[in-house]
Amino acid sequence: MIIHHPILGPRDAQEFVYLGDASLIGRPDGLTASIEDFHNYTYLRDNPAGAHRELWYHEQGDRSWLVVTRNTVTHEILQVELARDVARAEGRSK
Amino acid sequence: MSQSNRISGGLIDRSQTLRFHFDGLPYLGHPGDTLASALLANGVRLMGRSFKYHRPRGPISAGSEEPNALVELRSGARQEPNTRATVAELFDGLTAQSQNRWPSLKFDALAINDRFNSFLTAGFYYKTFMWPASFWEKVYEPIIRRAAGLGSLTKLEDPDTYDKGFLHCDILIIGAGPAGLSAALTAGRSGARVILADEDFRMGGRLNAETFELGDQAGSAWADGAVAELSSLPNVRLMTRTTVAGAFDHGIYGAVERVSDHLIEPAPGKPRQTFWRIYSQRAILTGGATERPIAFENNDRPGIMLAGSLRAYANRWGVAVGDKTAIFTNNDDGLRTARDLQSKGVDVVAVIDSREGGELLPGIRHLRGAEVMGSAGRLGLSSITVRHADGKTEVIKATALGVSGGWNPNVNITSHHRSRPIWRDDIAAFVPGSGEIANLSVAGAAAGTLSTHGALVTGDEVARAALASLGLTATAANLPKAEDAPVRITPMWYVKGSNRAWIDSQNDVTVKDIKLAHQENFTSVEHLKRYTTLGMATDQGKTSNVLGLAVMAGLTGKSIPDTGTTVYRPPYTPVALGALGGRGRGQEFKPFRLTPSHKWAQEQGAVFVEVGYWLRTQWLPKAGETTWRDSVDREVLATRKSVGICDVTTLGKIDIQGTDAGAFLDKVYANTFSTLAVGKCRYGLMLREDGMVFDDGTTARMGQNEYVTTTTTANAVTVFRHLEFCRQVLWPDMDVQLISTTEAWAQFSVAGPNARKLLQKVVDQDISDAAFPYMGAGNITVGGLRARLFRISFSGELAYEIAVPTRYGDAMIRKLMEAGAEFDAVVYGTEALGVMRIEKGHVAGNELNGTSTALNMGLGKMVSRKKDSIGMVLSQREGMTRDDGLRLVGVKPVNPAAELKAGSHFLKTGVAAKAENDDGWLTSLVYSPHLGHYIALGYLKDGSNRIGEKMRAVNLLAGTDTEIEIVSPHFIDPEGERLRA
């Protein structure tokens, strides 16, 4: 697979490490959230046949965490964004 | 032996003669021959024995689809089993042996299996080796393993090298027949970067095996001209002997190039094979088509082969397989074989044509509406039995029979992404499904366009479309005039009434087996394959899959597309594991990371241990020491008595800087770091979000906004990855920067009562207890060189870790040893390190096993509830906070002389050694030279309330049951007085 890194251009997937569902961006706050909230965050995942937003880490590159939108059926990559930008857009800060 | 079956013509170089041996007998051939063509030229039809029934077999094809003619090629360490003789290029000095026979190919003892064929039917294994269960491993499996398989392995190391390579192109063209050459000319002339790959050693595909002309040239001459033009183009790379084995994601194709397989041994410095990863913008499959047989009784004798292959042997290799040749066909292509052979002077005794009508071949005995009922000949064909249209039967003498059941487009690669081929009634074959592989298009016979004219035209068209999509312009094509015969076929899959009619000759699957599978309700194509083994092994059913499907369709009364399709997976043809491994073999499989003191340790005769990629000193034997324990005990005692030095560079080191560095550490560690004073260290516990302990280590605050964190050696990479995740994804606006400095600093632990005295001789600053107290950290200098000093201890002794830039690491170990000479300083390895940390009761990898909580380790209080940190919430789950849960304890044998066994479980006295009585287990075990007996750490239920309890450590595998006492995990200096000395 080839991932079009937003900064570095097309890179072979072998340079990356896969983490999983990009819903991991939405970590609850530990001082206010319940155990159940964290349970859902830690363990529950959707398993779509189709577009899937997922986290990839350019470990053998510039160490960027990316959000890659990939079709799990065809492996077509629809969008690649810096995870930091996505996190900020989702309201994460400090 | 003379080449008795050699006839005129062909694309072989008769000016040179090659000598080779098969089963010890000498033969002659010519450059351009394959092993199969040369053996057939010498009148050798028998080349192997079948898998299950050990029936005599010869080649049925002239290409990579070959199921039968598998041989052991070469001898000694280069011997390779299951090599297809039909694609093994002949070279001078070649040796090959037949396989799956004993004692000889002509007399094979296991041919007795053929007599018992009624027992060895589909599902034989499943039905026979059922009971008793105790026989599965000891009796049945060895028997099956001995009887199964074809060729043998030498078990010698392969002396050749293999390589991996990477190529990039605009257009990859797979197959260099007429369609591929046409596509390559169009694409190449446009200036696009083109790779044209073909599995054969000669480009041209079927053009080399046919007699028809392109324009005013012979087909093979046109192909030569096209290849010559392509070779002259700098933007075109021609790759012969290269099989594109699989289609992967995003235009990446895997291809194996047999660089040296056609040589007796590789030229110096050259690999045997190279596995290429080809990155393409567009790909064009022009892989041609493969002929399929018609099944009839005893259709597997040597001499019976695919008609198009019989024709290829005559036209390309100048070989007549038999002196009397018959053809059995259901389509016009079979008639072409008859015409070609007759024009070559081969005696064509009959053409058995299953169709009633159609053109009548002039000058040949053309029997329309007839079928071949059976064959005879012990080790090769001598006659066939024909049933005429009127029902009468006749025995016809023939030593070769060409069978044509139609042609299957080579759709294989198009289904590598699960696309299913679709059925076309007009050519009675599957063609590629639509566009499942992005940017791959198909042309020529592979797309179901089976004429030469069609191949040239569609190759050009598809190349034009690919160029246009890349923004390139094609010049006008100059296609020669070529044959454009329509496909005329009346499908006929097997002769009615036949039973032992081979569908898949490699796996010995007959019509009868498919009938049996149907009778037993294995009618799904996937079940059929697995139950009968149809289409498995080296040929992956290239000639048999569609035939098997058609027979099943006939039995179920459904159409072929309703019965199922056949889906192929990579590789297209077998790929040697050596080629996939490339250079990554033996020592080159992975690199070693060497510590800065490695050279010094090597000089001292250290014993090294692999820790991940690292090589660390395990222990350092001195003269007179005979066992590892001698060395380890000495290293421990010397350290505790005076001073010991250990290279701890392998621990992960991460510099963390920024105004939010402290707040960041508070998030990622269970305990607090923002309150740590500048110039101090603190032990930290890092959790995973599920509340289990992830990693531990010390972190030092080097400045207001600057920390140095250490990780375990094992988790250096994953902790860094995790911290980057936290920094970029969870808290993207924190002002914090990370850099891994594991390799930037050479770090040494100096431990023992004399550690300070030794170090004070080396460093420039005052490091007295007052100036540099316990858990102090700071930037210092060593003879003016910048260095870092941390007063931390893993051994339980007064200890420091000193770090210098890595390039000074070798000098540093030498300086430390020199300065330590007066204190009898020793270097200790990882074993002594382990002994001392267990004596002190520190957790390490055995306790940090991914399923342990801080509470389990007795460190529950470290998890701060006043702040949010990774894993804090889930570490408070009900099941993880039980008062009587597992706790870290120390263990010692009641009898000090008793030996404990690793892996033991803790049980109360007097209970049975059963899982329900299990109270915990031993995690780390060493002999403590300091205490003079074995000591261990372990997890015990309600362990902190059971100190002093006498229990048993039971190891059922080792057969030991030892009385133990539960003690504090801190075996030495529990109050930590030595640390603060």
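The values are calculated or read from the model by the stated rules, or taken from the named source; none is laboratory data. Everything quoted here is computed from the prediction, not taken from an experiment. Cβ coordinates were reconstructed from backbone atoms using ideal geometry, including for glycine residues, and neighbour counts include every protein chain displayed. Ligands, DNA and RNA are excluded from the accessible area calculation, which covers all protein heavy atoms including side chains. Shrake-Rupley method; radii C 1.70, N 1.55, O 1.52, S 1.80 Å.
At-a-glance table
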| quantity | calculated |
| --- | --- |
| At 0.692 mPa s and 37 °C, Stokes D of the protein assembly as shown from Kirkwood alpha-carbon radius, µm² per second | 95 µm²/s |
| Cross-link table B:K344/B:K542; B:K599/B:K892; B:K599/B:K680; B:K496/B:K558; B:K52/B:K127; A:K94/B:K840, entries beyond 27 Å C-alpha to C-alpha | B:K344/B:K542; B:K599/B:K892; B:K599/B:K680; A:K94/B:K840 |
| Cα centroid separation - region B:651-727 against region B:904-964, whole Å | 34 Å |
| Threshold 50 Å² - residues in region B:724-753 whose accessible area is reduced by that much or more when the chain is no longer isolated, probe 1.4 Å | B:F725, B:Q728, B:V729, B:L730, B:P732, B:D733 |
| Surrounding net charge for B:L341, when Lys and Arg each add one and Asp and Glu each subtract one, Cβ distance under 14 Å | +2 |
| Of every Cα-Cα pair in region B:293-405, the percent that sits beyond 18 Å | 41 percent |
| Linear extension gain, B:D425 paired with B:E706, 0.36 nm per residue minus alpha-carbon span | 93.7 nm |
| Surface per residue (accessible, 1.4 Å probe) for region B:831-892, Å² | 40 Å² |
| Kirkwood hydrodynamic radius over Cα pairs of region B:900-981, then Stokes diffusion coefficient at 20 °C and 1.002 mPa s, in µm²/s | 157 µm²/s |
| A:D12 paired with B:W628, simple spin-label distance in nm, labels 7 Å along Cα-to-beta-carbon | 3.7 nm |
| Solvent-accessible area, 1.4 Å probe, carbon plus sulfur percent, for the protein assembly as shown | 53 percent |
| Shape category assigned to region B:652-740 from the gyration tensor of Cα positions, a/c cut at 1.5 | rounded |
| Prolate/oblate/rounded call for region B:820-958, Cα gyration tensor, a/c under 1.5 rounded | oblate |
| Residues losing 10 Å² or more accessible surface upon assembly, region B:218-263, compared with the chain by itself, 1.4 Å | B:D249, B:H250, B:I252 |
| Built amide H within the under 5 Å cut-off of B:V395, gap 5+ | B:V386 |
| Formal net charge of residues neighbouring B:V750 (Cβ-Cβ distance under 9 Å; K, R +1; D, E -1) | 0 |
| Average silhouette area of chain A, convex hull of alpha-carbon atoms, in square nanometres | 6.6 nm² |
| Shape call, region B:494-566: gyration tensor on alpha carbons, a/c limit 1.5 | rounded |
| Rounded accessible area per residue of region B:599-746, 1.4 Å, Å² | 35 Å² |
| Occluded residues from region B:699-723, i.e. those whose accessible area drops by 40 Å² or more once the chain is not alone (1.4 Å probe) | B:R721 |
| Loop sites in region B:227-309: chymotrypsin sites (Phe, Trp or Tyr not before Pro), DSSP, at most 11 other Cβ within 10 Å | none |
| Computed FRET value (nearest 0.05) for B:T960 with B:N235, which takes r as the C-beta separation and R₀ as 60 Å | 0.25 |
| Trypsin sites (Lys or Arg not before Pro) lying in DSSP loop within region A:7-70, provided at most 16 other Cβ fall within 10 Å | A:R45, A:R63 |
| Rounded to the nearest 20 debye, dipole of chain A from Cβ charges on Lys, Arg, Asp, Glu | 200 debye |
| Cα-centre dipole for the protein assembly as shown with unit charges at Cβ (Lys and Arg positive, Asp and Glu negative), debye to 20 | 1240 debye |
| Accessible surface, per residue, of region B:164-209 when the full set of protein chains is kept, probe 1.4 Å, Å² | 25 Å² |
| Per-residue SASA entry for B:D918, accessible area with 1.4 Å probe, Å² rounded to 10 | 40 Å² |
| FRET E, pair B:S434, B:A376, Förster distance 56 Å, beta-carbon r, rounded to 0.05 | 0.75 |
| Ordering of B:740-752, B:724-736 by burial proxy (mean other Cβ atoms within 10 Å per residue, highest first) | B:740-752, B:724-736 |
| Listed residues B:Y531, A:N47, B:P178: farthest to the positive end of the dipole of the protein assembly as shown (Cβ charges) | B:Y531 |
| Computed E for B:R814/A:R88 - FRET, C-beta separation, R0 56 angstrom, nearest 0.05 | 0.65 |
| Protein accessible surface hidden between A and B, which excludes ligands and nucleic acids, total in Å², probe 1.4 Å | 3200 Å² |
| List B:L651, B:L306, ordered by accessible area with a 1.4 Å probe, largest first | B:L651, B:L306 |
| Chain lengthening between B:A77 and B:N895 when straightened (0.36 nm per residue, less Cα-Cα) | 288.9 nm |
| Label-point separation, B:N779 to B:F107 (7 Å along Cα→Cβ), nm | 8.9 nm |
| Distribution of pairwise C-alpha distances over chain B, 20 Å bins, in % | 12, 31, 24, 24, 9, 0 |
| Pair B:L153, A:E81: separation of 7 Å Cα→Cβ label points (nm) | 5.0 nm |
| Formal net charge of residues neighbouring B:T475 (Cβ-Cβ distance under 12 Å; K, R +1; D, E -1) | +1 |
| Candidates per GluC sites (Glu not before Pro) in region B:937-981, loop by DSSP, up to 10 other Cβ within 10 Å | B:E975, B:E977 |
